[in-house]
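Worksheet: the structure to be examined is printed underneath.
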Amino acid sequence: MRNWLYLHSRALAQALERLGGQPFGTLLSALVMGVALALPAGGYLLLDNIAVLARGVSGTPEISLFLDDKADSAQAEAVQGKLQAEPDLASFRFVSRDEALRQLESSGLGDVLSGIAVNPLPDAFVVTLRSDDPELFEALSARMRNWPGVAHVQLDSAWIKRLSALIGLGRTVVLMLAALLGLALVIITFNTIRLQILTQKNEIEVSRLLGATDRFIRRPFYWFGSLQGVFGGLVALGVVWIGVDVLAGPVAKVAESYGALVALSHPGWLESLATVASAAALGWLGAAISVRRHLAET
Amino acid sequence: MIIFDKVAKQYPGGYTALDGISLRIAPGELVILSGHSGAGKSTLLKLIPAIERPTSGAVRINEQDISRLPRRAVPYLRRNIGMVLQESRLLFDRSVYDNILLPLIINGHPPGDAAKRVGAALDLVGLHGREKEFPAGLSGGEQQRAAIARAFVNRPSILIADEPTAHLDPAYAAEIAELFKSFNGAGVTVLVVTHDVSLFRHWSPRRIALAHGRLMEE
Ligand SMILES: Nc1ncnc2c1ncn2[C@@H]1O[C@H](COP(=O)(O)OP(=O)(O)OP(=O)(O)O)[C@@H](O)[C@H]1O
Ligand SMILES: [Mg+2]
């Protein structure tokens, strides 16, 4: 165990030495990988933010239940009873026709109605749901439409549905990007390790004569690939971090104009760790394939 | 004990480099191998650390059949054999010290002990104080001595050397012959290929010669 640790720390030191021995090449690879990884990482973050943003814009999803003009208070109470029995509601409140009119007037639209003698607005219930699952939304509103005394059910599910479909599509695109650029990273590492093996050819041959096992010879290359991945991952995080800083201002302005209090956020600890770790794993994979391919027989 | 049992070696292309070699080298023996160019001397040496494998026959070291050793077992065989071959040149991108340290790292020696051994090996070959230099900064004789220190630092029980005194002044060559004799004095089995058999004459070593792939005891 002690020996194993010693051998790995030596291999790590050797890999660091080789990386440090060609700072320009190391930097260049890290930048290429970083920019490639920043695309899916940034895309993921953006989608995450949009989902939050969307919730901020629409507030909690609501259904408005407008009662029939001719509905009496008994029917209103019956509707209220039914709402109380629904398990998926977060809350609901009654908005009387008078209250609705007052709201309209205070919002500055009162002038439009000033010429009309009778209040044209119906009584209504405003219902908020426990979740923003569009399916639930549809099912519930379809049921409510058949309740006696209910004239009209209005929901903002149409755009929620569209948005969640868009976010779903975005996720697929990000996933494909991640797979594609992950593959690119593996190929880049494969090639750097191939070149490394060529430059170290002499050392590898002599080490074999001195009794080095395959594992001993491969170890520094695994570390080399993983470290290069880590550097690439760190660059990607840096790019995303700066991107968020640059975009935060404009996004906040847009959100504000929609009346939503949302800020674009930096990647969290877990996302950062996952980015660097997966970059390291991909680097390791590229190194493993390259080593298997190019160190097979000597 | 190193035993060659009716060993033949044909290189790809069909050239027969060794033919019907039978040879026993006892532990602690000093053996000088000579022969004309192309006689098969280097080939014979390379069979011992399994750098080359025999086409037929068997090579045994301490009862172990080297010719059938699986690939993954070869490194452990080599750790017990010191080599000064054309193939095992010094690495020019690292210091003399790091060159001599390499076999110990490969062998997984603890760092403290390794440092002591490198120091002792440097003393033995007379390169004390030169360890920080790079091989390119050493003379041919000094490079050869560094290579010998590296071959011996692991304290192998067998030492093989291919023309270790080639291209050296007679004085340097004599020094290197002395080194091999001193290793042999410490109980190491030594097999040296050389044109210059007179170098070792003081110690009356066992002398064998190859001609066209066939062995002749002298
Ligand atoms: N890798 C190889 N492939 C094909 N033929 C080889 C190979 N190595 C050596 N030979 C041939 O085998 C024969 C013996 O070679 P070897 O190197 O053992 O001779 P040697 O006695 O060491 O010669 P020298 O004194 O010139 O070093 C030579 O004819 C050589 O051309
Ligand atoms: Mg030769």
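Of the helices (runs of 4 or more DSSP H) lying entirely inside segment A:131-231, those containing at least 1 residues that are more than 14 Å from every other protein chain (Cβ to nearest Cβ) and surrounded by 15 or more Cβ atoms within 10 Å (Cβ to Cβ) are A:134-145, A:157-199. On the stretch given as segment B:156-170, residues that are open to solvent by 20 Å² or more (accessible area, probe 1.4 Å) and either touching a residue at least 12 places away in the same chain (Cβ under 8 Å) or within 16 Å of ligand 2 (Cβ to nearest atom) (or both) total 6.
Scanning segment A:21-37 for residues that are open to solvent by 50 Å² or more (accessible area, probe 1.4 Å) and away from every other protein chain (no Cβ under 14 Å) returns A:P23, A:F24, A:L27, A:L28, A:L31, A:V32, A:V35. If we scan segment B:55-70, do we find a residue that is out of contact with any Ser or Thr (no Cβ under 8 Å at 6 or more places or on another chain), more than 14 Å from ligand 2 (Cβ to nearest atom) and within 11 Å of another protein chain (Cβ to nearest Cβ)? Checked segment B:55-70: no residue is out of contact with any Ser or Thr (no Cβ under 8 Å at 6 or more places or on another chain), more than 14 Å from ligand 2 (Cβ to nearest atom) and within 11 Å of another protein chain (Cβ to nearest Cβ). Do we find that B:A120 is within 14 Å of chain A (Cβ to nearest Cβ) and out of contact with any Phe, Trp or Tyr (no Cβ under 9 Å at 6 or more places or on another chain) in this structure? Taking the combined requirement at face value, the residue does not satisfy it.
Just to be sure I understand the filter: pairs with C-beta atoms under 8 Å, separated by 6 or more residues or on different chains, first member in segment A:222-250 and closer than 16 Å to A:Y44 by Cβ, second member at pLDDT below 90 and among the polar types (S, T, N, Q). Which pairs pass? Close Cβ pairs satisfying both conditions: A:V244/A:S265.
Pairs linking a residue in segment B:176-189 that is among the hydroxyl-bearing types (S, T, Y) to a residue that is open to solvent by less than 20 Å² (accessible area, probe 1.4 Å), with Cβ atoms under 6 Å and 6 or more positions apart or on different chains, are B:T189/B:I158.
Give me the residue from segment B:41-51 that is within 12 Å of ligand 2 (Cβ to nearest atom) and touching a strand residue (DSSP E or B) at 6+ places or on another chain (Cβ under 8 Å) and, out of that set, most open to solvent (accessible area, probe 1.4 Å). Residue satisfying both the conditions and the ranking: B:S42.
Counting the residues of segment B:184-198 that are surrounded by 22 or more Cβ atoms within 10 Å (Cβ to Cβ) and either assigned by TED's automatic domain parsing to the domain that holds B:A146 or more than 16 Å from ligand 2 (Cβ to nearest atom) (or both) gives 2. Summed over segment B:91-108, residues that are open to solvent by less than 10 Å² (accessible area, probe 1.4 Å) and more than 7 Å from every other protein chain (Cβ to nearest Cβ) total 4.
If I filter segment B:61-75 for residues that are at positive phi and open to solvent by 60 Å² or more (accessible area, probe 1.4 Å), do I get at least one hit? The answer is yes, given that some residue of segment B:61-75 is at positive phi and open to solvent by 60 Å² or more (accessible area, probe 1.4 Å).
Any idea which of B:G38, B:G14 is open to solvent by 20 Å² or more (accessible area, probe 1.4 Å) and within 12 Å of ligand 2 (Cβ to nearest atom)? It is B:G38. Regarding A:D98, is this residue open to solvent by 60 Å² or more (accessible area, probe 1.4 Å), outside any helix (DSSP H, G or I), modelled with pLDDT under 85 and not assigned by TED's automatic domain parsing to the domain that holds A:W241? No.
The values are calculated or read from the model by the stated rules, or taken from the named source; none is laboratory data. Predicted, not measured: the structure shown is a model, and the values here were computed from it. A quick note on method: Cβ atoms are made from the backbone with ideal geometry, for glycine too, and the neighbour counts reach across all protein chains shown. Note: areas computed on protein heavy atoms with side chains; ligands, DNA, RNA excluded. Shrake-Rupley method; radii C 1.70, N 1.55, O 1.52, S 1.80 Å.
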